[in-house]
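Since the structure comes first, as structure tokens, the remarks are kept for the end.
The values are calculated or read from the model by the stated rules, or taken from the named source; none is laboratory data. The structure displayed is predicted, hence computed values, not measured ones. Ideal geometry is used to build each Cβ from the backbone, glycine not excepted, and the neighbour counts take in all protein chains shown. Ligands, DNA and RNA are excluded from the accessible area calculation, which covers all protein heavy atoms including side chains. Shrake-Rupley method; radii C 1.70, N 1.55, O 1.52, S 1.80 Å.
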Amino acid sequence: MIMTFNDLVQSLSDFLWIYILIVCLLGCAFYFTIRAKFVQLKEIKEMGRLLLDSSSAEEKHISSFEAFAVSLAARVGTGNLAGVATAIVLGGPGAVFWMWIIALFGAATSFVESTLAQLYKVRGRYSFVGGPAYYMMYGLGRRWMGVLFAVLITVGFGFVNNSVQSNTIAAAFEKSMHIPPVITGCVLLVMTLVIIFGGIHRVAKVSSLIVPFMALGYLLLSIVVVAWNITELPSVFSMIFRSAFGWEQALGGGIGAALMNGIKRGIFSNEAGEGSAPNAAATADVTHPVKQGLVQALGVFTDTLVICSCTAFIILCSGASLDGTYNGIQLTQVALSNEIGSFGGYFVMIAIFLFAYSSVLANYYYGEANVRFITHSPRVMLAYRLFVGMMVLLGACMSLELAWNLVDVMIALMTACNLVAIIQLSPKAFALLTDYQEKRRRGIKNPIFKKEELFPDDEGITCW
């Protein structure tokens, strides 16, 4: 019965992704890139400057860096270590190339959705609140659409995505320390409930501590492994491009598999276009919506072009078997163990714990913000928090294939709903970008946006 259900979920996932991949996701990414004049490349220096400048945030508000850390905590997780491995096993090394492509162009999509989230954010009890549900309601005037998205992201991130995170943590601990998944799930349940009952400020503080530490540590180890295998890099790049475009792969359908799995795992990892990161982007206290849009675009690059690439190079340099004997996080553990000995497996276990646990916290917040969009009932919020904990526990005991197929379906539905909204609202994001760039050209180091300057008649904009 479980296998039959899994097959049905996988078929639905493939159908949805073929449509979203060809018609929506890549089309919007290319369109936004051209309309924004390659903002994701032209403004890289400005992105770095904004990330380090959190002076504009008031004491009780979320800073730009903390909002970036929350979104990066959700981005940098299972997708970076287990998702990359799964993509390579199912789609071949060529899947890595398509992960790079979706990150390069998807950063423009992330810029648009996060800028819109800032524009239509509202004042909450303790911090700003916003995201796709809010710009669907206040920007498009469609509360029903906002409620639909709120339900999708609450189920997709609060429940299903978190089950993937706990599943990966449990698999890593089972392989390295032979700890039964149910034990790992119980520990994660307790740890998760302790943090999430503290609200967004506690989630932001924990994420801002964990994310830089875990990303830097994994990056440094990856550099060591790549440097140790520097002579293998030309063959690794050749393998990636040959698998992505080779005649043999084209005749055998391998290019389609590489494309599909590269895009699937790429969007799962960097979240560009699916509407999750804007929930964190809206919480930042900044003087211009474009600031957080640029910072979130940088998050896409950090996630995929840096961290995902590190995992891909480790796997492809290690000589680990890609025949499916190992998949997901266990393949990454085997690959790193081949390079640095048994310590590699333990290091990946610790890394995936930090990566995935921080994702659990960020995913919880995305759901919380959207539950509050629908209702402010304390009982509903309590039920949501308890159900998140239950899904963390159940996810640890779930099969790898079912966990990934479920999350693929939810991501596809979320992405489709979000893209319909941002394609209609994108002219406002481009107008804001022009305003920001013109002020910078006039020598204004800290551009300030006021509603009356561009959108005086838009009653949905309340914080500017």
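Normalised by residue count, the range 345-447 yields a Cα convex hull volume of 193 Å³ per residue. When you count the other C-beta atoms within 10 angstrom of each residue and take the mean per peptide, 291-298, 230-237 line up highest first as 291-298, 230-237. Peptides 130-140, 376-386 ordered by packing proxy, namely the average of other Cβ atoms within 10 Å per residue, highest first: 130-140, 376-386. Packing order of peptides 26-37, 362-373, 441-452, highest average first: 362-373, 26-37, 441-452 (average count of other Cβ atoms within 10 Å over each peptide's residues).
Surface exposure of the range 78-180, expressed per residue as accessible area with a 1.4 Å probe, stands at 26 Å². The stretch between residue 38 and residue 387 holds 121.5 nm of extra length on full extension. This uses 0.36 nm per residue minus the Cα-Cα distance. The length gained by stretching the chain between residue 147 and residue 343 to full extension, at 0.36 nm per residue less their Cα-Cα distance, is 65.9 nm. For the range 92-182, the spread of Cα coordinates along the three principal axes comes to 51, 35, 24 Å, biggest extent given first. When the listed pairs 37/428; 428/451; 42/451 are checked against a 20 Å cut-off, the alpha-carbon distance exceeds it for 42/451. Accessible area per residue for the range 309-464, computed on protein heavy atoms with a 1.4 Å probe, is 39 Å². Extension gain for the segment residue 7 to residue 399, taken as residue separation times 0.36 nm less the Cα-Cα distance, is 139.9 nm to one decimal.
Shown for the range 308-409: the carbon plus sulfur share of the solvent-accessible area, taken with all protein chains present and a 1.4 angstrom probe, equals 65%.
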